[in-house]
Amino acid sequence: MKQFVTAFLVCLLTLPALAQTTFSIRGRVFDKVSGETLPGATVQVTGNGQNTGAGADSDGNYRIPNLKPGTYTLQASFIGYKPLTQTVKVTTQNAVSSFALATDNASLDEVTVVAAQAQERSTPVAFSAVNEVKLRETLSNRDLPMILNETPGVYATQGGGGTGDSRINVRGFDQRNVAVMINGMPVNDMENGSVFWSNWDLGDVTKSLQVQRGLSASKIAVPSIGGTINVLTRGFDDKRSVLARSEIGSYNYRKNSLLLSSGALKGDWAITLYGSRRTADGWVENAYDDAWTYFGNISKRLGRHRLSFTAMGSPQSHGQRSTFTQIGVFSNDKARELGSARVPNGDRGFRYNPDWGVLNRYTVDANGQRQYQGEEVLNTRSNYYHKPQISLNDFWQVNDKLFISGVAYASYGNGGGITPFASPNTVASTGQFDVQRTFDSNMANPRDAQGERVASNFLRASVNSHRWYGGVVGADYALNEKLTLSAGVDGRTYEGYHYQEIKDLLGGDYILNTGARNNNNADPNMKLRVGDKTNFNYDGRTDWLGGYGQLEYKTPLLSAVISGTMSQVWYKRIDYFRTKVVKNAEGVAVPVPFGRTTIIDGTAYTNDKGQHVETDWASLTGYSVKGGVNYNLTENNNIFANAGYISRVPFFNQVYDTNGNAFKNVRNEGITSFELGYGISYPSLKATLNAYYTLWTNRSNNTSGINPDGNGLVYYSVRNINARHMGIELSVAQEISRRVQLNAAISVGDWRWLGTGSLTAVDENNNIVSGFEDVPIYLDGVHVGDAAQNQFQIGLRVEPIRGLYFRPSFLLFTKYYAGFNPVDLRQEANRTDSYRIPTSRNVDLHGGYDLKPMFNDKVRLGFKGSILNLLDEYYITDLPAGSSGSVVTDPTLLRGFFNRGRTFTLGMSVTL
């Protein structure tokens, strides 16, 4: 009887297993570096008579049912990642198998050109990556750089608060010294290195955003002193999809977008198209936003070639806040807290923006009665720009050893920024610029003989259009299984068109071509009207030819790389408003002013016979050499180190002053960099700890001011100033559980100026100002300003139920000194730090819910929302130099910008 009972119990316990004849394999697909899930990844199953697959849902989960016991081969794949294969044995229960995918350079067209993405446990640089999922969940309505504040060593702000006016610093170096690459193409302005984020709205089409700090993995010569930001957009997608999104938010924010991906078509074609429309009133008063965005990619496989054509742009205009304002104007309570001066009629709120006013235009009829046209809001400072950018990539796998890539690109920038000729008076009751008073004043000016009025004040646009063409051709040749030799050529030509034009005469009919506009080779009494050029008008030419070479050694344990670049840069400036010239027999340019006859070598010349002032080509040579090594101590631990030196050619505006004169004794800047790091890599834990040291010698700083004798301007040229940036950075990504992930970033920096610099000043005729030749500048030990040196960030992603997520994030910045101009430190007694801004902190909250796929898994519906600055706290984000570039040490003189207050966005997406 006992044996019978035992047998009965065994049968009872095994009955469910005997009844279940098929089983399933389930798991999750996620990014190996960041731990972020990869929705839409494909898992293919073969073996035991099966050939099937499944797609990962919005949480990265997949499930393959109806599998008989046996051994199966699973391969997970996702666009831009290396496929991963695993063997799974199914016995008498369901199996679990998850995949941690690593990014794949070879599968992303854009990466294989020149902006190589760093690879975990291989590339010897410190880097952080933001994948498509995190971008979608946390970017909200911010500019792209703002999401990078969760990267150690990064300080990004929204500047005055206008859309696209963000700026970013990496390790204390502003974005003029941080290389920004979009699909392998450099986008820093070729004349001054600036980056204008309003030119692109790429959040919805960005597949990967990577920040390489310090020496980057890029092969071509780029201004990567602080680091390199690689933005990679969609390309050859292998999955057909339609994605429609709609967003709303605070202050009438609206955005609608549509993304179409054809997937692989017959003949190996693929097409991706994107368009969006975005409008908003702006959190800052009347910093309106009005933008369209378009993006298109056509890809084709042709034998061993892979062709990809991309076009994108974002025509936009937006209101700005450019006037730095006393703290008490925003809030006298905040001024008292910071030790700043109280301002009568202050407390206008943190949204306050003086750069606009209310205007009611009118005409005056024959009876002297005003005929009003109705009130309008007029922005006295705004930006408008359109920068179409196109590129054609060719990727040619010649054979198993040789790979050749080429890209040709072009960019056509048109637009500028609107400012008033002179600052209007302020309306006492509102604090806004009194543009009505300006209009009334112009209308009250007496009429001339032609019955027209001259305008005393008006709005003008500083136009900075350009035409930019370039190309890169490179080859990678595998010498053997471990060694790869790379070499290539990089060529660019750039022509910038810079002038001011009249946009709005505010009730006047014209301005006279007088004063600072008297050198434009025209009648000084000529009337200038809307659309006419004024003040300055010149072209800047930049030609660039460079080459690079790299040798890479790679084994599973050790990877090492050494590379070098050489570049030749030519600058030329052509001025159209300077007095024309004629060269005499000795080759000296002699001015031929308007309205006069000038005798040169016995011949009479008038202005119309002269030539525009054109500088000789300034030729400068730059180079770089860098190397690094990564050693994998174990399967989960690695160390890396890199070192390099860059001899960087000065920017265009460090070669010529604003009057077109060449600065004297222009020399290259030298950057020496060292870095050492340690990494930990587990499926549930990623951490990197690194220390860096960067020495920047012979830094250039050019500015202008009022001549000490009171006559005209002087142009200051500061040379031989050195800066040392050093610090420690830590980044951590930890999967605490399946439903809770943590990420953190910590950086501690010590950035100081070193030694004594040299100052020279010249007047508008390029003559050295008395007492201003090689004047010492006392900087030694002074902290570098304009960015926070210490940072702490921690964030969570919590998924309490499937499909529902919350992402709180806490960010703290400290040790931030106000910006300053070294020109002010001409006495040893003035060698002091600028004002140290109090610690700032911010809390953001993001969340969303993705419904289960509907209609045979063909339709996905998702909702998301973000609350930025959840606690509605205010802190200074931008504190520039004081008046005339002085060092701000007295808090009563503080003028700056605060962060954006609490705002929200809500969005819905439909994916087919």
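Just so you know, all these numbers are worked out from the coordinates, no wet-lab data involved. It should be emphasised that the depicted structure is a prediction, and the values quoted were computed from it without experimental measurement. Note: ideal-geometry Cβ built from the backbone for every residue, glycine included; neighbour counts use all protein chains shown.
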Stokes-Einstein at 25 °C, 0.890 mPa s, Kirkwood radius from Cα pairs: D for segment 385-540 in µm² s⁻¹? 123 µm²/s
Measure nothing fancy, just the Cα-based angle from helix 435-444's long axis to the longest principal axis of the chain, in degrees from 0 to 90, nearest 10. 30 degrees
With each run of n ≥ 4 DSSP H residues scored as -39500 (n - 2.57), what mean residue ellipticity at 222 nm is computed for the chain after dividing by its residue count and rounding to the nearest 500 deg cm²/dmol? -1500 deg cm²/dmol
Proximal lysines to Lys239, defined as alpha-carbon separation beneath 23 angstrom and excluding residues fewer than eight positions away on the same chain: Lys32, Lys82, Lys134, Lys207, Lys266, Lys300, Lys852, Lys858
Taking amide H positions as placed 1.01 Å from N in the peptide plane, with prolines and chain starts having none, which residues 5 or more places from Phe536, or on another chain, fall under 5 Å of its amide H? Gln500
Among 536-546, 212-222, 851-861, how do they line up from the highest to the lowest mean number of other beta-carbon atoms within 10 Å? 212-222, 536-546, 851-861
Going by average Cβ density within 10 Å per residue, which order do the peptides 671-682, 763-774 take, highest to lowest? 671-682, 763-774
Roughly how tilted is helix 2-19, in degrees to the nearest 10 and between 0 and 90, from the longest Cα axis of the chain? 40 degrees
Using the Cα centre as the reference, give the magnitude of the dipole from point charges on the C-beta atoms of the chain (Lys, Arg: +1; Asp, Glu: -1; all else neutral), rounded to the nearest 20 debye. 2580 debye
Among the DSSP beta bridges whose two residues both lie in the chain, what percent are antiparallel, rounded to the nearest 5? 95 percent
Over all distinct Cα pairs, what is the inverse of the mean 1/r for segment 672-807, reported as the Kirkwood hydrodynamic radius in Å? 18.9 Å
State, to one decimal in nm², a quarter of the convex hull surface area for the C-alpha atoms of segment 107-246, i.e. the direction-averaged projected area. 9.0 nm²
Can you compute 3J(HN,Hα) from phi for each residue in segment 790-806, using the Karplus curve 6.51 cos²θ - 1.76 cosθ + 1.60 with θ = phi - 60°, rounded to whole Hz and x for Gly and Pro? 10, 8, 9, 9, 9, x, 10, 10, 10, 10, x, 9, 4, x, 9, 9, 10
Taking Cα atoms only, Rg over Rh for the chain with Rh from the Kirkwood formula is 1.01
Restricting segment 448-542 to GluC sites (Glu not before Pro) in coil, as DSSP defines it, with at most 16 other Cβ within 10 Å: Glu452, Glu481
Dividing the mean separation of Cα pairs under 8 Å (6+ apart) by the residue count of the chain yields a relative contact order in percent of 9 percent
Given H placed on each backbone N at 1.01 Å, which residues far from Thr903 in sequence or on other chains put an amide H within less than 5 Å of it? Leu868
Evaluated at 4 °C and 1.567 mPa s, the Stokes-Einstein D of segment 700-766 based on the Kirkwood radius over Cα pairs, in µm²/s, stands at 79 µm²/s
